[in-house]
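Report on one structure; see the data block that follows.
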Amino acid sequence: MTITNNRTAFERVCRTEKDAKTKERMLLVLNVVYYGKIAAHVAREIHKSNGWASQWLKRYREEGLEGLQDKIRGGRHPKVSRQVG
């Protein structure tokens, strides 16, 4: 698959993404990796820090598209109060 086909496929997946945070990360990757924009400029355009952009670009390069999704975190489960009814 050529770069153009990869970009086209990435754009298609980006358009259908439902999760807002993941879509924001995908837009970062699309602009930096496929359109050649500078990461700091893209981060500024979407009101994020350079560190945020670097973190997500690194995860994309290491893990691919799956790296842009939130990972399940460990820890205590939230308390849910019982409703007496």
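The values are calculated or read from the model by the stated rules, or taken from the named source; none is laboratory data. Because the structure is predicted, anything quoted here is derived from the model rather than measured. All Cβ positions, even for glycine, are placed from backbone atoms using ideal geometry, and neighbour counts span all protein chains on display.
Laid out as a table, the results:
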| read-out | value |
| --- | --- |
| Complete set of residues in the range 34-45 that are in a helix (DSSP H, G or I), at pLDDT 95 or above and not charged (D, E, K, R) | 39, 40, 41, 42, 43 |
| Residue list for the range 44-85, restricted to those being exposed (fewer than 11 other Cβ atoms within 10 Å of the Cβ) and either in contact with a Phe, Trp or Tyr (Cβ under 7 Å, 6 or more places away or on another chain) or of a type in the set (A, V, I, L, M, F, W, C) (or both) | 72, 80, 84 |
